[in-house]
Amino acid sequence: MYTYFGGLTMHKRRFLYRIISIAVALSFLFVMGMVSVAQDGAAEDTTEAVEEVMPEEAASMLTADDVQSNLDQVWILVAGFLVFFMQAGFAMLEGGFIRHTGVVNSLAENFMDACITGLAFFIIGYGIAYAGEGSLLFGTPVLALGGINGTAEGDGAEFVSFFFQFAFAGAAGTIATGAMSERTDFRGKLIYSAILGAFLYPIVVYWTWGGGILSAAPEDGGFGFLDFAGSTIVHQFGGIIALVGAIIVGPRVGRVFGNPPRPSNLGLAALGTFILWFGWYGFNVGSTLGASDQNALGLVAVNTTLAAAAGSVAAMFFVYFTKGGKWDLGFILNGSLAGLVGITAGCAFVSPIASIIIGITAGIAVVLAVDIVEAAKVDDGVGAFAVHGVGGMIGSLAIGFWGLPELTGTAGGLLVSGDPDLLISQIIGVVWVAVFAVVTGTIMFGALKALGLLRMPAAAETTGIDVHEHGASVWPDILPLPEEA
């Protein structure tokens, strides 16, 4: 039975609704078709007008190569941002590992590493590192990027290159800060950061990434040394400079060797290590200097991850079984950093399995190196030499053992191909940079000590360097200033 409503049966109403719906749909399709035709006509007219008004601009559309080049530059910038963020990691790590009376000083010094290095590397250092012309030992420097200002073609790429390399220079300069923490005169710190950023680190870069004697091919008078992202160039050099500085400045007041001071804040140190690990992806993967080679990007990222993890695990278990059955967080953190330093040179040249072996080696070595430095009565506040100096040497030498010829572009490693040539080249590079760091570091820190600018004044020995140098405390509610107390 049908129900009446307004004089229409339900059946008739449904039929009427269907007729109306079909009519509306046809009208909509007709209107949309007319709009589409109109738009096509307008687009054709607009295109013709653009071609008539701007024929040259229309002809200069970006090519695939242009797009890839732009992508490469963006990737280098992003990687540089990550590397720069590592300065925060260094600050947190060092601030957490040292005593609470020196944390403000450590933070100030790490921040100044970025500032002083940025200026020194811009004015002088970058021009020395990438001089382009000159002998295998020294190039002809170009000051302040040759005065470019962003108005000429190619300026942008040069700016991007400088920024990326500046971030590396800042990392090299800040390694010594931790080793010499809590007793370095702030004036001396500013001076040696400027010297490192302007001269010493750029010379090492010229010999390697700049095409100088270490990296040049043997047929061109060089040694064929390989260091993809800086195990030796950045870390070994910075670690040895740190060791020399720690020896010359002397130990902290009241330092008892065999019983080092406890870290002030392991939570801060752990945060710093996470930041450093994160930033290391810019350090290593960014050193591909492009985003077009998926194999290289993926391999470097995986190798970096595996070495960090293996280094941490190896250090943790080694300490547990050799130092009283405790899961030592300090060595867990430094073990990961040692693995990262160790893989930095060969991250693009070795297999993932080899990266695990390198990480394990570096993780165990960092524990042994800390013990050796402690036994030698050298006060390295954060284990900088063990992590960066020893880890850097291991990383560069590892290429000579595990390098794959398909990736190195030269001979393979000794354990891969049985050829010792690459290992010999790596040994020469490691020894060369070590000697340079020892000699120049001794001269630099020796001169600062002679001028009375290396160690904090005796008055600071009792109040602490934070109070004396900065008039501040990182925890004023717990550690108030003397006048407040």
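The set of residues in the stretch 282-324 being under 30 Å from Ala64 (Cα atoms) and of a type in the set (A, V, I, L, M, F, W, C) consists of Phe283, Val285, Leu289, Ala291, Ala296, Leu297, Leu299, Val300, Ala301, Val302. Listed by first and then second residue, the pairs linking a residue in the stretch 221-236 that is under 23 Å from Ala179 (Cα atoms) to a residue that is of a type outside the set (A, V, I, L, M, F, W, C) and part of a loop (DSSP other than H, G, I, E, B), with Cβ atoms under 6 Å apart and 6 or more places separating them unless they lie on different chains, are Ile233/Thr208; Ile233/Asp227. Taken over the stretch 62-96, residues that are among the β-branched types (Val, Ile, Thr) and either modelled with pLDDT under 95 or at positive phi (or both) amount to 2. Comparison of Gly170, Gly197, Gly96 shows that the only residue that is under 25 Å from the mean Cα position of the chain (by Cα), surrounded by 23 or more Cβ atoms within 10 Å (Cβ to Cβ) and over 30 Å from Gly222 (Cβ atoms) is Gly96. The residue that is farthest from Gly95 (Cα to Cα), among those in the stretch 317-337 that are in contact (Cβ under 8 Å) with a residue 40 or more places away in the chain and crowded, with 20+ Cβ neighbours inside 10 Å, is Phe318.
Only one residue in Gly418, Gly412 is at positive phi and free of Cβ contacts under 8 Å to residues at least 60 places away in the same chain, so which one is that? Result: Gly418 is the single residue among Gly418, Gly412 that is at positive phi and free of Cβ contacts under 8 Å to residues at least 60 places away in the same chain.
Among the residues of the stretch 184-194, just one is among the aromatic types (Phe, Trp, Tyr) and buried (at least 24 other Cβ atoms within 10 Å of the Cβ), namely Tyr192. Determine if the stretch 241-253 includes at least one residue that is at pLDDT below 95 and under 30 Å from Thr462 (Cα atoms). Yes - at least one qualifying residue is present in the stretch 241-253. Only one entry in Leu481, Leu451 is of a type outside the set (Val, Ile, Thr), out of contact with any Leu (no Cβ under 7 Å at 6 or more places or on another chain), surrounded by fewer than 20 Cβ atoms within 10 Å (Cβ to Cβ) and modelled with pLDDT under 90, namely Leu481.
Return the only residue of Ile128, Ile124 being buried (at least 23 other Cβ atoms within 10 Å of the Cβ), more than 30 Å from Gly254 (Cβ to Cβ) and hydrophobic (A, V, I, L, M, F, W, C).
Ile128
Restricting attention to the stretch 263-302 and to residues that are touching a residue at least 60 places away in the same chain (Cβ under 8 Å) and assigned to a loop (DSSP other than H, G, I, E, B), the residue that is surrounded by the fewest Cβ atoms within 10 Å (Cβ to Cβ) turns out to be Ser292. Out of all the residues in the stretch 335-352, is one or more within 20 Å of Phe168 (Cα to Cα) and among the polar types (S, T, N, Q)? Yes, some residue in the stretch 335-352 is within 20 Å of Phe168 (Cα to Cα) and among the polar types (S, T, N, Q). All conditions in (1) crowded, with 16+ Cβ neighbours inside 10 Å; (2) touching a residue at least 60 places away in the same chain (Cβ under 8 Å); (3) within 21 Å of the chain's Cα centre (by Cα) hold for Ser181, with the sole exception of (3). Selection within the stretch 131-165: residues that are crowded, with 17+ Cβ neighbours inside 10 Å, in contact (Cβ under 8 Å) with a residue 60 or more places away in the chain and within 20 Å of the chain's Cα centre (by Cα). The member of this set that is farthest from Ile233 (Cα to Cα) is Val160. Here the stretch 244-262 is the region considered, the condition is being touching an Asp or Glu at 6+ places or on another chain (Cβ under 7 Å) and among the aliphatic types (A, V, I, L, M), and the residue that is surrounded by the most Cβ atoms within 10 Å (Cβ to Cβ) is Ala246. In the set (1) under 20 Å from Ala296 (Cβ atoms); (2) modelled with pLDDT under 95; (3) under 23 Å from the mean Cα position of the chain (by Cα), the condition left unmet by Gly381 is number (1).
Can you find, within the stretch 388-424, the residue that is surrounded by the most Cβ atoms within 10 Å (Cβ to Cβ) among those that are among the polar types (S, T, N, Q) and in a helix (DSSP H, G or I)? Filtering the stretch 388-424 for residues that are among the polar types (S, T, N, Q) and in a helix (DSSP H, G or I), the one surrounded by the most Cβ atoms within 10 Å (Cβ to Cβ) comes out as Ser396. Tell me whether the stretch 326-337 contains one or more residues that are closer than 22 Å to Leu397 by Cα, of a type outside the set (S, T, N, Q), in a helix (DSSP H, G or I) and at pLDDT 95 or above. Yes: the stretch 326-337 contains one or more residues that are closer than 22 Å to Leu397 by Cα, of a type outside the set (S, T, N, Q), in a helix (DSSP H, G or I) and at pLDDT 95 or above. Within the stretch 338-356, the set of residues being in contact with a helix residue (DSSP H, G or I) (Cβ under 7 Å, 6 or more places away or on another chain) and either surrounded by fewer than 17 Cβ atoms within 10 Å (Cβ to Cβ) or not in a loop (DSSP other than H, G, I, E, B) (or both) comprises Ala338, Gly339, Leu340, Val341, Gly342, Ile343, Thr344, Pro352, Ala354, Ser355, Ile356. Of all the listed residues (Gly383, Gly429, Gly464), the sole one being under 26 Å from Ala217 (Cα atoms) and of a type in the set (Gly, Ala, Ser) is Gly429.
The values are calculated or read from the model by the stated rules, or taken from the named source; none is laboratory data. These numbers were taken from a predicted model, which means no experiment stands behind them. So basically every Cβ, Gly included, is an ideal-geometry build from the backbone, and we count neighbours across all protein chains shown.
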